Amino acid sequence: MLLYISGSYPASHEGIAAAAKILLDAMAKSAGEHKIELLTTNLPVIRNYVEANGTACAAVTYLDNWNITVKNIKTYISMLKKDGIKAVHMEYPGDCYGKTLLASFLPLITKLYGIGKPKIAFYVRLHEFTCARFLRKAAILPILLFADSIYVPALPDRRAVKKIAGKRVKRTLIGNNIPVCTAKTTERENGTIVISYFGSVYPGKGIERMLKNWKELKERDKEGRFRFKIIGEVDPGNKNHFSEYHNQVITWLKQYRLWDSVKITGYIPDEEVSREIQNTHVATLFYEDGLTLRRGSFLAYLAHGIPIVTSPGDEEAKELLKGHKGVFMAGGEEEWIAGILSFAAMDQSELAEIREDNRKVAGYFDWNKIADAFLRDYGLLSETKVEQT
């Protein structure tokens, strides 16, 4: 048995939630005779989703919060006592854990419980580290000290956590969270050039630099062909920890005279996100710390075949994208503008080649293969799958 822990789970509004479900579903499909149970947060948005849609796992247990309390620790230990449990897989971090520390100490609690008993291995897929704030890094430290293995998608994060966790740090990938749906590309086909950004809007995403580029494109656009779109939420009224930053984004939109030129979709379901992405001519993703292979927005555009103009990538990203023309990596304003205009000027046959090539590259990030790699490491891949490999 595998215990799968994720504080966030659909339909909470964050990419980690969607990825947690997709990976769990893929694992359940490949685990075969090995049972998987889910431990997640008792929030109405999550509970209602599970009750309405079900899960691919054998059972779901909810924690009201992730505080270090006797009640929560007893609930967790009761799951460790279940017959046949061999491993724990935890997705970390996630907004639904809140500002708490129980998840951080679950690897240690598991080790202490296991003294004198058959080993239960604790594995963590760590989504971020270098970009995390000080308190988040402090919360991650116990995980790095006590987890049996830490799987890290981004190369810079992997290098940083290896200084603490050493050989227990392993490479993994993430996949695209936005299923490609059938959509009419009306905006892209009526003569307009749609430039878009998809993803969460918060510091580090290069939003101001992007808006400056959009301002420059708008000023050069004498024919009025360009349209601009943020596929995501910019809402100071949502009272989350990015509300002040969303206020700043609105200030920039007005300062750069883009307020009436940029469509902001707000939070929308995945199917609508897919339609908005497919109605995009060029994606602009100006990450301040560069492109890494953990960027969900990048992977979504790639899977939809959309040309992408982005920041310079790390060594892994550069190696993967070598020889592929659908992703333009550059580090300066004029280079970004030139890349956008180059994609915008392509005819339909050139764009068709770009789209096909980007979709092929996206195949590298296959959730089923990612799930199989985890289960193989855990010794929980189904007998059928083991025989196939």
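The values are calculated or read from the model by the stated rules, or taken from the named source; none is laboratory data. Keep in mind it's a predicted model, so treat the numbers as computed, not measured. Positions of Cβ are backbone-derived with ideal geometry, glycine not excepted, and every protein chain shown enters the neighbour counts. Note: accessible area is taken over every heavy atom of the protein model, side chains too, but ligands, DNA and RNA are not part of it. Shrake-Rupley method; radii C 1.70, N 1.55, O 1.52, S 1.80 Å.
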Kindly provide log₁₀ I(q)/I(0) values, in the same order as q = 0.26 Å⁻¹, from the Debye equation applied to equal alpha-carbon scatterers of the stretch 137-220. -1.23
Helix-only [θ]222 nm of the chain, DSSP H runs n ≥ 4, -39500 (n - 2.57) each, per residue, nearest 500: -13500 deg cm²/dmol
Give me D for the chain in µm² s⁻¹, whole number, from Stokes-Einstein with Rh from the Kirkwood sum over alpha-carbon pairs, 4 °C and 1.567 mPa s. 59 µm²/s
Can you work out the accessible area per residue across the stretch 5-88, with the rest of the protein chains kept in place, probe 1.4 Å, in square angstrom? 43 Å²
Listed by chain and number, the residues whose amide H is under 5 Å from that of residue 228, excluding neighbours fewer than 5 places away on the same chain and using placed H, are 195, 263
Of the listed peptides 277-283, 33-39, what is their order by residue-averaged count of other C-beta atoms within 10 Å, with the highest listed first? 277-283, 33-39
Give the residue from 324, 349, 374 lying farthest towards the positive end of the charge dipole for the stretch 318-389; charges sit on Cβ (+1 for Lys and Arg, -1 for Asp and Glu) and the dipole is referred to the Cα centre. 374
Using Cα pairs closer than 8 Å and at least 6 residues apart in sequence, work out the relative contact order for the chain, in percent. 17 percent
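Give the dimensionless ratio obtained when the Cα radius of gyration of the stretch 171-262 is divided by 2.2 N^0.38 Å. Provide the component values of the computation, followed by the final result.
Details: Rg = 15.3 Å, N = 92, 2.2 N^0.38 = 12.3 Å.
For the stretch 171-262, the normalised Cα radius of gyration is 1.25.
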Determine the per residue accessible area of the stretch 194-266 with all protein chains present and a 1.4 angstrom probe, expressed in square angstrom. 51 Å²
How large is the convex hull of the Cα atoms of the stretch 279-389 per residue, expressed in Å³ as a whole number? 127 Å³
Between residue 36 and residues 5 or more places away or on another chain, which pairs have amide H atoms under 5 Å apart, with H built 1.01 Å from N, and which residues are they? 2, 58
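How much of the accessible area of the chain, in percent, comes from carbon and sulfur atoms when a 1.4 Å probe is used? Present the calculation step by step, with values, prior to reporting the outcome.
Working: 9190 of 17710 Å².
C and S fraction of accessible area: 52 percent.
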Probe 1.4 Å, protein heavy atoms only - accessible area per residue of the stretch 273-340 in square angstrom: 31 Å²
Sequence-distant residues sharing a close amide H with residue 169 (under 5 Å, placed H): 150
Evaluate the distance, in nm, between pseudo-label points positioned 7 Å from the Cα of residue 315 and of residue 382 along their respective Cα→Cβ axes. 3.8 nm
